[in-house]
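Structure record follows, encoded as structure tokens.
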Amino acid sequence: QLSLFRLTMKRLFSTSHSSVDSKEMKKFQLLAHKWWDEEGEYSALHSMNDIRVPFIRDTLLNVSSNYHLGNPLSGVKILDVGCGGGLLSEPLARLGASVTGIDPLEDNIRTADQHKSFDPVLDKRIQYKSCSLEEIVEESMETFDVIVASEVVEHVADLEMFINCCSQVLKPEGSLFITTINKTQLSYVLGVVVAEKIIGIVPEGTHEWEKFVPPEELEHLLESKGFTVKTVNGMLYNPFLGSWSWMESTSINYAMHAVKLGAQGQSSPTDDLSEMESEQRSAVAGTAV
Amino acid sequence: VWDACSEAMIVFEKDDLDDMGYIVENDVIMSALTKQLDAVADRVEVFYGSRAVGYTWPFPSRSCDTSPWVQIELDDGRRLQTKLLIGADGHNSVVRKEAEIKNIEHQYDQSAVVATLHLAEATDNNVAWQRFLPTGPIALLPLSDTVSSLVWSTSHEHALELVAMDEESFVDSINSAFWSNANHSDFIDTAGAMFRSAISLLKPSGTAVRQLPPSVAKVDPESRAMFPLGMGHATEYVQHRMALIGDAAHRVHPLAGQGVNLGFGDIACLAHHLSAAAFNGSDLGSLKHLLKFETERQRHNVSLITAIDVLKRLYSTKLTPLVLLRTWGLQATNALPPVKVRI
């Protein structure tokens, strides 16, 4: 409860007008060339593809019933925010999507560009740009069918502005996929202490527990910006097998799928139900935290 | 299947199982494959009559100037590059050698003689016969009511003789190999008979009427050929952007008729893993799913390859104790339906 209050205060008095945090950038600068070593520092992100790509793919396939067999995401325009070295952009592009990957760090974009250049199909389907989300809003109003912000929101300086921008560049009824880390005692112990300091599956200093976002808060924020949250799933990393799996509890990592409300802001009967549910959940969260 | 040194035999019958197997001529398989390839000509390109003369592997640690795909140079000078190279080039695989994968191999002192045979009389030719001679197993595989295929594994010298001799002598050798009791010893016959009565006391199902193998009348003139036999197993089936399948990964003795089946199994498994990887948008050459293929197949193949090798050695001798062992072993297995079904 107290930490939630502190976080809100911090944002209210934040002087930065960007969602990008320069301290965060410095952390990633050092590891820019390590992205594509599947056994290296980013191995956990590589293996996360095994659950996040099917999650995105299957959610989008459920929306449109007809799809091309070899390219299930063909015709879908995706924005990968905070794409890093392109770990998630590439598989989505292989499934047929047109992907725009953005990252504020030039070194990351350079690594991503070079890696995709070896594959002529990927080279055509992916465009990388070194910039922040706000910088492309003007030229990309309601351009994308899907926005993917995976392992990003725990690094942004101004989450509210970030969500605002997402909403602006997303087409009505477009999908927003977020994966991030919850802010709980468990996530501190496992996500920071164990992951960084003990086992070292995440480079040390990558995560600041203060910036972790609880799903209730994220959901509340999304709904206030014109989104309907459709799915929230907990994720679990097994460091012995180096693999991810889904789990009921969102107390450590979780994935969220939200849909931007249609042009007239109307909601279908199922939307009404989920709105009620999320209101109940926020009320519970207020007392439980 | 039976032993030349005793009366022991084992019969696998179709009644208790679904179709036991199929024997298909290689030409028929090739023709079917060619038809299928033509049907997907928009997605598969076949370069007939071409050879690869050089491979360039990607470095595992991505040093960024070199392309991270496999480069292949063909004999006509063309260069190809690929995300995944599949080596299906037989037991002397060049792909395997170029990838510097260690191969555990062992040459048997045997060659196999193959031929197409015409039977003395037309029959319901639906039984595959195999007799274990001390020099090696001889097998007759049915192709039609009048034609069978011969696979005779024997010593190199004997194989050369068989291929060189005139057709009549060749046919005589085959018939004698199936019918002669020269290798029986009284001791073994008695021991075998004793065991058989003991089994029939416990399991009075009795032995069915014993079918007899067909006699051979003549051999197709140009059909005789021989090739050396050996055992081989690659220590790794996969590497970054490379996978081995079929005889390039493993080589077995023909006595169990499993060589090509192992290859088919490899293909089904690799296709399954590649298709799952593709549906996840993965890079097809990524070790992650290639290793899953390797683990699955090695687990399956190693036990079978070892078993075939052991059987080969067990049946390569006239030594009484081993003959007794395999005689009783075979008789016991023949009497145990659950074991036979598993086999």
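Key figures
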| read-out | value |
| --- | --- |
| Boolean, residue B:326 is under 21 Å from the mean Cα position of the chain (by Cα) and either modelled with pLDDT of 95 or more or in a helix (DSSP H, G or I) (or both) | no |
| Contacts under 9 angstrom Cβ, first residue in region A:68-92 being at the interface with chain B (Cβ under 9 Å from one of its Cβ atoms), partner of a type in the set (Phe, Trp, Tyr) and assigned to a loop (DSSP other than H, G, I, E, B), 6 or more apart | A:73/A:67 |
| Qualifying residues in region B:68-83 (those that are within 17 Å of residue B:242 (Cα to Cα) and not in a strand (DSSP E or B)) - the one modelled with the lowest pLDDT | B:68 |
| Options A:219, A:223, A:196: the member that is touching an Asp or Glu at 6+ places or on another chain (Cβ under 9 Å) and modelled with pLDDT of 85 or more | A:223 |
| Looking only at region A:106-133, and only at residues there that are crowded, with 20+ Cβ neighbours inside 10 Å and in contact with a helix residue (DSSP H, G or I) (Cβ under 6 Å, 6 or more places away or on another chain), the one that is nearest to the other protein chains (Cβ to nearest Cβ) | A:111 |
| Residue match in region A:191-210 (condition: part of a helix (DSSP H, G or I), in contact (Cβ under 8 Å) with a residue 24 or more places away in the chain, more than 20 Å from residue A:47 (Cβ to Cβ) and touching a helix residue (DSSP H, G or I) at 6+ places or on another chain (Cβ under 9 Å)) | yes |
| Residue that is hydroxyl-bearing (Ser, Thr, Tyr) and out of contact with any strand residue (DSSP E or B) (no Cβ under 7 Å at 6 or more places or on another chain), where the choices are A:143, A:111 | A:111 |
| Count - residues of region A:82-101 that are within 18 Å of residue A:25 (Cα to Cα) and out of contact with any Asp or Glu (no Cβ under 7 Å at 6 or more places or on another chain) | 3 |
| Long-range neighbours under 6 Å by Cβ, at least six apart or interchain, first residue farther than 30 Å from residue B:249 by Cα within region B:213-233, second in a strand (DSSP E or B) | B:213/B:129; B:214/B:119; B:216/B:117; B:217/B:118; B:218/B:118; B:219/B:115; B:219/B:117; B:220/B:116 |
| Sole exception among (1) surrounded by fewer than 20 Cβ atoms within 10 Å (Cβ to Cβ); (2) among the small types (Gly, Ala, Ser); (3) under 20 Å from the mean Cα position of the chain (by Cα) for residue A:85, by number | (1) |
| Check on residue B:294, more than 14 Å from chain A (Cβ to nearest Cβ) and assigned to a helix (DSSP H, G or I) | yes |
| Wholly within region B:101-203, strands (runs of 3 or more DSSP E) carrying at least 2 residues that are over 21 Å from residue B:315 (Cβ atoms) | B:103-119, B:147-155 |
| Residue within region A:54-67 that is surrounded by fewer than 24 Cβ atoms within 10 Å (Cβ to Cβ), aliphatic (A, V, I, L, M), over 15 Å from the mean Cα position of the chain (by Cα) and within 13 Å of another protein chain (Cβ to nearest Cβ) present | yes |
| Residue selected from region A:25-39 under the condition at pLDDT 75 or above and crowded, with 20+ Cβ neighbours inside 10 Å, by the criterion nearest to the other protein chains (Cβ to nearest Cβ) | A:36 |
| Condition check for residue A:146: part of a loop (DSSP other than H, G, I, E, B) and of a type in the set (A, V, I, L, M, F, W, C) | no |
| Selected residue (criterion: farthest from residue A:129 (Cα to Cα)) from residues of region A:93-105 that are part of a loop (DSSP other than H, G, I, E, B) and either within 18 Å of the chain's Cα centre (by Cα) or more than 14 Å from chain B (Cβ to nearest Cβ) (or both) | A:97 |
| Residue list for region A:167-186, restricted to those being out of contact with any Ser or Thr (no Cβ under 6 Å at 6 or more places or on another chain) and farther than 17 Å from residue A:156 by Cβ | A:171, A:172, A:173, A:174, A:175, A:185 |
| Matching residues, region B:270-283, being away from chain A (no Cβ under 13 Å) and surrounded by fewer than 18 Cβ atoms within 10 Å (Cβ to Cβ) | B:271, B:272 |
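Conditions tested, residue by residue: (1) within 14 Å of chain A (Cβ to nearest Cβ); (2) surrounded by fewer than 16 Cβ atoms within 10 Å (Cβ to Cβ); (3) touching a residue at least 60 places away in the same chain (Cβ under 8 Å).
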residue: B:44; (1), (2), (3): yes, yes, no
residue: B:75; (1), (2), (3): no, yes, no
residue: B:109; (1), (2), (3): no, yes, no
residue: B:120; (1), (2), (3): no, yes, yes
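The values are calculated or read from the model by the stated rules, or taken from the named source; none is laboratory data. Note that the structure is a prediction, hence the values are computed from the model and not measured. Here Cβ is always computed from backbone atoms with ideal geometry, including for glycine, and neighbour counts include all displayed protein chains.
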